[in-house]
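This report refers to the structure that appears directly beneath it.
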Amino acid sequence: MSNVHGKRGAFIVLEGCDRTGKTSQCKTLVSKLEQANVSARYMNFPDRSTQCGQLINGYLTRKDDFTDEGIHLLFTLNRWERMKEMVKLLESGVNLIVDRYSFSGVAFSSAKGLDMEWCKAPESGLLKPDLVILLTLSMEALARRGGFGDERYEVPTFQRKVIEKYSMLKDDRYWKAIDADKTFDDLTADLYNEVLRTIENVGEKPLEKLW
Ligand SMILES: Nc1ncnc2c1ncn2[C@@H]1O[C@H](COP(=O)(O)OP(=O)(O)O)[C@@H](O)[C@H]1O
Ligand SMILES: [Mg+2]
């Protein structure tokens, strides 16, 4: 759908710990929107395709090492790399469905012990999402899903800390928590409702900045 009404796109982020279904749900949501003739684009962070993303990939796959502060700043820079493009897409009416964003960056780094305010500072000024959907799973449901991967961070004890940090970052003015412990299709239906409502309500609201 072209931007016939001059309306900007909505910026929607899915957050949550590993294996809550973020990646598969984001992609499914984009397909559903496109089928309904609503212009939408999938994006994810970290974006391993950029120069900075290559360094992040080396770190996540344990080939390279950085200090906690250093890798935090690389994850942030990876978002700054995509900002101009994101603004352009939103202004042209494309809805962005984004798989992780600054909240993952801050939750993961602060879960390692870095000061949360220090972690938030370089994210300040990035685009603020219209809606953050936090996918939640109880520790029992998460264990049932099992099969964490081999990358750094994919360890249940670390994931528990991340969940705690998300709850500190949660801002009810633009966050919505949704229990992911249901069938894939039932969860898609819940998410799609929230996404459509946000797209409809974005109206003349200007784009805002984070923190
Ligand atoms: N609602 C669900 N119920 C059971 N398993 C699911 C559900 N959603 C996703 N999964 C499975 O969980 C795993 C992680 O999904 P993924 O979308 O990669 O999550 P994330 O991006 O949050 O890590 C996949 O193997 C997927 O098939
Ligand atoms: Mg994923």
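The values are calculated or read from the model by the stated rules, or taken from the named source; none is laboratory data. For clarity, every value in this text was computed on a predicted model and none was experimentally measured. Glycine also receives a Cβ, built like all others from the backbone with ideal geometry; neighbour counts cover every protein chain displayed.
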Fill in: Residue check for Arg100: of a type outside the set (Phe, Trp, Tyr), more than 28 Å from Asp185 (Cβ to Cβ) and modelled with pLDDT of 95 or more
no
Item to complete: Within the range 160-183, identify whether any single residue is at pLDDT 95 or above, under 28 Å from Glu34 (Cβ atoms) and surrounded by fewer than 12 Cβ atoms within 10 Å (Cβ to Cβ), and answer yes or no.
Response: yes
Worksheet item: Inside the range 68-110, can you point out the residues that are within 16 Å of ligand 1 (Cβ to nearest atom) and small (Gly, Ala, Ser)?
Response: Ser104, Gly105, Ala107
Worksheet item: Is the range 25-38 home to any residue that is surrounded by fewer than 14 Cβ atoms within 10 Å (Cβ to Cβ), of a type in the set (A, V, I, L, M), more than 16 Å from ligand 1 (Cβ to nearest atom) and outside any helix (DSSP H, G or I)?
Response: yes
Fill in: Those residues of the range 169-184 which are over 18 Å from Thr198 (Cα atoms) and either in contact with a Lys or Arg (Cβ under 9 Å, 6 or more places away or on another chain) or among the small types (Gly, Ala, Ser) (or both), in sequence order
Leu169, Ala180, Asp181
Discussion item. Condition first: part of a loop (DSSP other than H, G, I, E, B) and more than 9 Å from ligand 1 (Cβ to nearest atom). Now tell me which residues in the range 9-24 satisfy that.
Written reply: Gly9, Ala10
Discussion item. So if I check each of Ala189, Ala143, Ala121, which one is modelled with pLDDT under 95, of a type outside the set (Phe, Trp, Tyr) and surrounded by fewer than 15 Cβ atoms within 10 Å (Cβ to Cβ)?
Written reply: Ala143
Discussion item. Just to check your reading of the model, which residue among Leu137, Leu127 is within 13 Å of ligand 1 (Cβ to nearest atom) and in contact (Cβ under 8 Å) with a residue 24 or more places away in the chain?
Written reply: Leu137
Practice prompt. Please work out which residue is farthest from ligand 2 (Cβ to nearest atom), limiting yourself to the range 39-65 and to residues that are part of a helix (DSSP H, G or I) and either farther than 21 Å from Thr76 by Cβ or among the aliphatic types (A, V, I, L, M) (or both).
Written response: Leu55
Discussion item. Can you find a residue that is more than 13 Å from the chain's Cα centre (by Cα) and closer than 23 Å to Asp172 by Cα anywhere in the range 92-108?
Written reply: yes
